[in-house]
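Notes for the one structure printed next.
The values are calculated or read from the model by the stated rules, or taken from the named source; none is laboratory data. Everything numeric here is computed off the predicted structure, so don't read it as measured data. Reconstructed Cβ throughout: ideal geometry from the backbone, glycine too, with neighbour counts over all protein chains shown. We work out accessible area using only protein heavy atoms, side chains counted, and drop any ligands, DNA or RNA first. Shrake-Rupley method; radii C 1.70, N 1.55, O 1.52, S 1.80 Å.
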Amino acid sequence: MYREWIDTLDSSALFSGINDESLNIMLDCLKPKIRRYKRREIVIACGQPFQGIGIIASGKVALTKETYSGNRIIMGILDAGDIFGETAAFSDSKVWPMTIIAQEDCVLLFLAPDKITGTCSNICASHTSLIMNMLKILSNRASMLDNKIEHLSAKNIRGKISSYLLDIYRRHNSNTFTIPMKRHEMADYLNIPRPSLSREMASMRDDGIILFDGAHITINNVLELEHSIR
């Protein structure tokens, strides 16, 4: 049933270190529910009852939050192999804390949390690896949220952009990289109006700090980016 997505699931952090044969056995045991969504379709609305941890078998989704003024802020963009809902899965609150929107046609698998933490009916040898992978994902997600807070707490628009670009620069360990978001998504993520984002990036280019061609960025002056967020 899940074989058509096995390559994607095999690359997922949730199933890291689990070979294809063991993964097939595990999926038959876990029995995640398969759901298909169209581009721009709301997968889950904030406040709805929790359905299970989402695993992206194909496509891409956005994690969003609504502000009191009605604006939508993108908390993150997730690709095939990524998971979402893990923070709600193991909390006392059993409702979705965010709205999930399909960025393109996608296939999602929903897995009940007790399937991860409970005893495997088939006594899968890899179940311990699954639990350890989930703990690592939760830790990484907390780190991602810390980074998000750091970006948003910058004193001005240039500071927010600089913080975000420095984060990608450090993760890639390269001055040249591709931003994993479209320009309007980046604006929503940093809670900046799209025109203001474009103007400031153009200004940073004119100041010789960065070069860009669409989503492709080259950082010319790392020290100036660091100075912008102080």
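Among the residues of the range 209-222, is any without any contact (Cβ under 8 Å) to a residue 60 or more places away in the chain, in a helix (DSSP H, G or I) and not aliphatic (A, V, I, L, M)? No, the range 209-222 contains no residue that is without any contact (Cβ under 8 Å) to a residue 60 or more places away in the chain, in a helix (DSSP H, G or I) and not aliphatic (A, V, I, L, M).
Residue-by-condition table, conditions (1) free of Cβ contacts under 8 Å to residues at least 60 places away in the same chain; (2) among the acidic types (Asp, Glu); (3) closer than 30 Å to His151 by Cβ; (4) in contact with a His (Cβ under 8 Å, 6 or more places away or on another chain):
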| site | (1), (2), (3), (4) |
| --- | --- |
| Tyr2 | no, no, no, no |
| Leu23 | no, no, no, no |
| Arg39 | no, no, yes, no |
| Ile44 | yes, no, yes, no |
| Gln48 | yes, no, yes, no |
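When Ala62, Ala80 are checked against the criterion of being open to solvent by less than 60 Å² (accessible area, probe 1.4 Å), in contact (Cβ under 8 Å) with a residue 24 or more places away in the chain and within 16 Å of Glu185 (Cβ to Cβ), a single residue qualifies: Ala62. For the range 8-32, a tally of residues being closer than 12 Å to Ile56 by Cα and open to solvent by 80 Å² or more (accessible area, probe 1.4 Å) returns 1. Restricting the range 36-50 to residues that are surrounded by 15 or more Cβ atoms within 10 Å (Cβ to Cβ) and at pLDDT 90 or above, the residue that is farthest from the chain's Cα centre (by Cα) is Tyr37. Just one of (1) open to solvent by 20 Å² or more (accessible area, probe 1.4 Å); (2) modelled with pLDDT of 80 or more fails for Gly118. It is (2). Take Lys33 and tell me if it is at negative phi, under 17 Å from the mean Cα position of the chain (by Cα) and basic (Lys, Arg). So Lys33 does not fit the description; no. Going through (1) farther than 18 Å from Thr87 by Cβ; (2) surrounded by 13 or more Cβ atoms within 10 Å (Cβ to Cβ) one by one, Pro195 falls short only on (2). Can you name the residue in the range 96-115 that is under 17 Å from Met144 (Cβ atoms) and open to solvent by 10 Å² or more (accessible area, probe 1.4 Å) and, of all such residues, is modelled with the highest pLDDT? Looking at residues that are under 17 Å from Met144 (Cβ atoms) and open to solvent by 10 Å² or more (accessible area, probe 1.4 Å), I get Met98. Residue count for the range 165-182, restricted to those that are modelled with pLDDT of 90 or more and either surrounded by 14 or more Cβ atoms within 10 Å (Cβ to Cβ) or within 18 Å of Met75 (Cα to Cα) (or both): 8. State whether one or more residues within the range 77-91 are more than 22 Å from Ile6 (Cα to Cα) and part of a strand (DSSP E or B). Among the residues of the range 77-91, not one is more than 22 Å from Ile6 (Cα to Cα) and part of a strand (DSSP E or B), which makes the answer no.
In the range 16-62, of all residues being of a type in the set (S, T, N, Q) and assigned to a loop (DSSP other than H, G, I, E, B), the one that is nearest to Ala88 (Cα to Cα) corresponds to Gln51. When each of Ser153, Ser93, Ser126, Ser139 is tested for being modelled with pLDDT under 80, exposed (fewer than 13 other Cβ atoms within 10 Å of the Cβ) and polar (S, T, N, Q), the lone residue that passes is Ser93. Where the second residue is in a helix (DSSP H, G or I) and open to solvent by 20 Å² or more (accessible area, probe 1.4 Å) and the first is touching a residue at least 24 places away in the same chain (Cβ under 8 Å) and aliphatic (A, V, I, L, M) and lies in the range 184-201, which pairs have Cβ atoms under 6 Å and are six or more apart or on separate chains? Within 6 Å, the pairs are Leu190/Lys160; Ile192/Ile157.
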